[in-house]
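The values are calculated or read from the model by the stated rules, or taken from the named source; none is laboratory data. Treat the numbers as computed from the prediction; the structure is a model and nothing was measured. Here the Cβ is made from the backbone with ideal geometry for all residues, glycine too, and neighbour counts use every protein chain on show.
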């Protein structure tokens, strides 16, 4: 005999937020592909909280209802760009990747994370390219944001920082890739790592995938699928995560497409397996982007021309049109897992009297004339805005000794 539904509801309402039930609920959601869809229409966000159930059935067309996010979450994420999702948490960025927010679409709870360290260049200079990604570190049970800058003026090379939700702090990543040019802005999370398309040795244009293991906090190089033929230099590639793995879509000039899945062997070696061929029904669609992959009910959700969705049945090799009720303009769509993962409130800013200089900061205060080569000597901010050099503050509100504006030095008050 099963207990009444209202009795079960009362029990669940009283469970503490740190109960193992939350993780069990997440594991079940991952196993049964309890996916939602988040749609960004020019900074306006919509949610289709259980679009997978809408796709069940034998009809050739489906209707999916997407409701706009309401305040107070709407106010916080309005105008943002989608960064990534993991275990039901979604990360978005504002102000050209200079502000980050993490929120749970299911609970509508959100959190603003601290800004990246001041030595990280602001992302509005023509000489810089910013990249970022968001994912889950299973080793340390932590959620992390990685921010990367490729710079050609202030410094030559790549600078990278990682944020930990558990410690609520940023730190610099050492041993970044060299002689590598990233070709995508957003890191795709899969198999415990973030992934970017990149070119190794740009002079020779060797296409690779750069992975960043969130547990080891190390970069690694992943070879791309081997493709033969005259079209190899003209394909367009894109990545799509499904949490447990990584998928790659190759588009050819004749509109034919191949899709690959990344496989990991027991020995730790990586291989690619083709799951779609150029002879598939996708060949007749233009500008497609994979959004969601399901292996339990084999199929792939594709975004078409930033204005529509189609579901491709991997077993029957047929397409089904997905009509979205909600957005009326161009959009980009992303899948997320529905979960009850909790978020703490925003960290309050430190007051000047509460802030304590970091040991490294104290050391550098004693020898301000000796600048570290890893720190940019100046940053071209707007007129009238100063930035610190050498002895930059570790936290807002800490007094610094040396300032510079557009290369003009001066002693702080």
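More than 30 Å from residue 178 (Cβ to Cβ) and modelled with pLDDT of 85 or more: does that describe residue 307? Here the answer is yes, as residue 307 does meet what is asked. Looking at this structure, is residue 225 within 20 Å of the chain's Cα centre (by Cα) and assigned to a loop (DSSP other than H, G, I, E, B)? So residue 225 does not fit the description; no. Does residue 62 satisfy the condition of being buried (at least 21 other Cβ atoms within 10 Å of the Cβ) and either at pLDDT 70 or above or under 13 Å from residue 106 (Cβ atoms) (or both)? For residue 62, the condition - buried (at least 21 other Cβ atoms within 10 Å of the Cβ) and either at pLDDT 70 or above or under 13 Å from residue 106 (Cβ atoms) (or both) - is not met. When 186, 196, 260 are screened for being modelled with pLDDT of 80 or more, more than 18 Å from the chain's Cα centre (by Cα) and surrounded by 13 or more Cβ atoms within 10 Å (Cβ to Cβ), only 260 passes. Is it true that some residue in the range 231-254 is at pLDDT 85 or above and closer than 16 Å to residue 138 by Cα? Checked against the condition, which is being at pLDDT 85 or above and closer than 16 Å to residue 138 by Cα, the range 231-254 yields no hits at all.
Might you check whether a residue that is touching a helix residue (DSSP H, G or I) at 6+ places or on another chain (Cβ under 9 Å), surrounded by fewer than 14 Cβ atoms within 10 Å (Cβ to Cβ) and in a strand (DSSP E or B) occurs anywhere in the range 66-88? Yes, the conditions are met somewhere in the range 66-88. When the criteria are applied in full, residue 56 fails the requirement of being more than 21 Å from residue 343 (Cβ to Cβ), modelled with pLDDT of 65 or more and in the same structural domain as residue 114 (by TED's automatic domain parsing). Check the range 348-358 and report whether any residue there is crowded, with 17+ Cβ neighbours inside 10 Å, outside the structural domain of residue 167 (by TED's automatic domain parsing) and modelled with pLDDT under 85. Checked against the condition, which is being crowded, with 17+ Cβ neighbours inside 10 Å, outside the structural domain of residue 167 (by TED's automatic domain parsing) and modelled with pLDDT under 85, the range 348-358 yields at least one hit. Only a single item in (1) at pLDDT 90 or above; (2) out of contact with any helix residue (DSSP H, G or I) (no Cβ under 6 Å at 6 or more places or on another chain) is not met by residue 45, and it is number (2).
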